[in-house]
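Asks: Handing you a structure now.
Each reported figure results from applying straightforward, stated rules to the coordinates on display, with no laboratory input. Just so you know, these numbers come straight off a predicted model, no measurement behind them. Neighbour counts are summed over all protein chains in view; Cβ atoms, including those assigned to glycine, are modelled from backbone coordinates with ideal geometry.
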Amino acid sequence: MLLWARWARVSTWSATALLFSAIYGLPVAMIALASVSGQWNGILPSHFTLAHYTRALHGDSAELLRVSVLTGALASGAALISGTWAALALRRMKGMPKRVLDVIFFVPSAVPSVSIGLGLLVAFSQPPVLLNGTATIVFLAHFLLISAFTYGNVTAGLSRVAPEYGEVAESLGARPFYELRRVTLPLVAPYLLASFSLSFALSMGELGATLMIYPPGWVTLPVGIFALSDRGAIFDASTLTMILGAGTLFVLLGLSRISNKAAVR
């Protein structure tokens, strides 16, 4: 094979690095530059400054970040519980019923997020269940959008766990709940943490549905970024984007370390 040759490996890695830089690195670099720019009239910005970060940290940005983190954590936690429960319940189900239920669980991820937002807006804007104008409808929208990913990841993790582990535990007298708590869940713990991490990242960046249903007192950071960019405040929007990325990355790195420890155990 050509990849065994040194020149082929160098060429492959160089092309991969160039492609990665063009697709991911260059946009992030432009946003980072815009966040510290005082003026941008040419190819590169000028008058570098940290005033945008100072203004963001002393303004409403901290509250927007708090709202985003809280929304992501609560929605991801609820999605993890429901997705794990559903995956365990359907673990031994076969045939058409399982395929139908799989489709039902993945429907929210197959439609545009604005459709989820519009559906919630129409469904819960009138009594007896009136959620429009509350933070609960934002939690519900995020939960619906990320629950499919949690269910899929936990299902994949359970498929890799040999049923013999549970059978051995049952043969030794373990009750179902004990077997679930001490055998099954520890074996799929890395998948549970990975599911929570993915759900949290998706929730932190969600905009479409949130933009349609958020109440004035519960504004997430992506909504704040959209509002700034819509007003033409690109430098401030870039600053909030960097804060959003850094906050999400910090949480994901912490969860990744926990997941690695769980995998080792």
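Asks: Give me the log10 of I(q) over I(0) for region 17-84 at q = 0.11, 0.13, 0.21, 0.27 Å⁻¹, as the Debye formula computes it from C-alpha points; what are the numbers?
Replies: Ignoring solvent entirely, the Cα scatterers give -0.50, -0.65, -0.91, -1.04.
Asks: Return the calculated 222 nm mean residue ellipticity for the chain, to the nearest 500 deg cm²/dmol, obtained by summing -39500 (n - 2.57) across DSSP H runs with n ≥ 4 and dividing by the residue count.
Replies: Dividing the helical sum by the residues of the chain leaves -23000 deg cm²/dmol.
Asks: Which of the listed residues, Ile243, Ser197, Met30, is farthest toward the dipole's positive end in the chain, when Lys, Arg count +1 and Asp, Glu count -1 at the beta-carbon?
Replies: Ser197
Asks: So, one more: Compute from the Cα atoms of region 1-114 the Rg and the Dmax, the latter being the longest Cα-Cα distance, and quote both in angstrom.
Replies: Taking only Cα atoms of region 1-114, I get Rg and Dmax of 23.8, 65 Å.
Asks: Once the Cα atoms of region 90-154 are picked out, what are the Rg and Dmax in Å?
Replies: 14.2, 42
Asks: Could you go through region 204-221 in sequence order and give the Karplus-derived ³J(HN,Hα) for each residue, using 6.51 cos²θ - 1.76 cosθ + 1.60 with θ = phi - 60°, rounded to whole Hz, and x for Gly and Pro?
Replies: Running phi through 6.51 cos²θ - 1.76 cosθ + 1.60 with θ = phi - 60° gives 4, x, 6, 10, x, 6, 4, 5, 8, 10, 5, x, x, x, 9, 9, 7, 5 Hz.
Asks: Give me the base-10 log of I(q)/I(0) for region 89-211 at each q in 0.13, 0.14, 0.16 Å⁻¹, Debye formula, one uniform scatterer per Cα, rounded to two decimals.
Replies: These q points yield log10 I(q)/I(0) values of -0.68, -0.75, -0.88.
Asks: Let me ask something additional. What translational D, rounded to a whole number of µm²/s, comes out for the chain from Stokes-Einstein when the hydrodynamic radius is the Kirkwood one over Cα pairs, at 4 °C and 1.567 mPa s?
Replies: Result for D is 60 µm²/s.
Asks: Using the basic label-point model (7 angstrom from Cα toward the beta carbon), what is the Arg160 to Leu211 distance in nanometres?
Replies: Reported label-point gap for Arg160 and Leu211 is 3.6 nm.
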